[in-house]
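What follows is a single structure, written as structure tokens, with notes after it.
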Amino acid sequence: MTGMNGNRSLAWSSLVAGVLSFLPAPGPLAGLLAVVLGFLSPAGADGRRPGQARAGILLGAVSFILFVTFCVVYFGVLGYPLPRIEPYRPESDR
């Protein structure tokens, strides 16, 4: 894809991934994808990226920063450990 459509498709993809990054399922992965796609979107003749790409970069970065902050507070400050998984050992009836 070349020309204006190629520029805008990466920009729109960045914006969509940035919006999806605030949902629980894709979360921080979509945020990182939004930032990467936003930076891959080519700049125009004036040296600026399309507005959709800039918005996607912003949304993705904010989502990822919120996720990292939540993890630091939850695991580091509050001290909640990850769940301990033990192997199943059935008790014999004998």
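The values are calculated or read from the model by the stated rules, or taken from the named source; none is laboratory data. This one's a predicted model, so the numbers in the text were calculated from it and none came from an experiment. Glycine gets a Cβ as well: all are built from the backbone with ideal geometry, and neighbour counts include every protein chain shown. When the accessible area is computed, the model is the full protein with side chains, heavy atoms only, and any ligands, DNA or RNA have been set aside. Shrake-Rupley method; radii C 1.70, N 1.55, O 1.52, S 1.80 Å.
Points to keep in mind about this one:
- Residue among Y74, I85, G51 farthest towards the positive dipole end of the chain, charges placed on Cβ: G51
- Applying D = kT/(6 pi eta Rh) to the chain, where Rh is the Kirkwood radius over alpha-carbon pairs, T corresponds to 25 °C and eta to 0.890 mPa s, the Stokes-Einstein value obtained is 160 µm²/s.
- In the chain, helical runs assigned H by DSSP with n ≥ 4 each contribute -39500 (n - 2.57); averaged across all residues and rounded to the nearest 500, the mean residue ellipticity at 222 nm is -19000 deg cm²/dmol.
- A 1.4 Å probe over all protein chains sorts E91, E86 by accessible area into E91, E86, starting with the largest.
- With the cut-off at under 15 Å, measuring from each backbone N in the range 19-57 to a point 7 Å along the Cα-to-Cβ line of V68 picks out 28-36.
- Given R0 = 22 Å, the distance between the Cβ atoms of F75 and L40 translates into a calculated FRET efficiency of 0.10.
- Hz values of 3J(HN,Hα) by residue in the range 29-40 - Karplus curve (6.51, -1.76, 1.60), Gly and Pro given as x: 5, 5, x, 5, 5, 4, 5, 5, 5, x, 6, 6
- Y74 accessible area, 1.4 Å probe, all protein chains in place, Å² to nearest 10: 80
- Computed with a 1.4 Å probe over protein heavy atoms only, the accessible surface of the chain comes to 75 Å² per residue.
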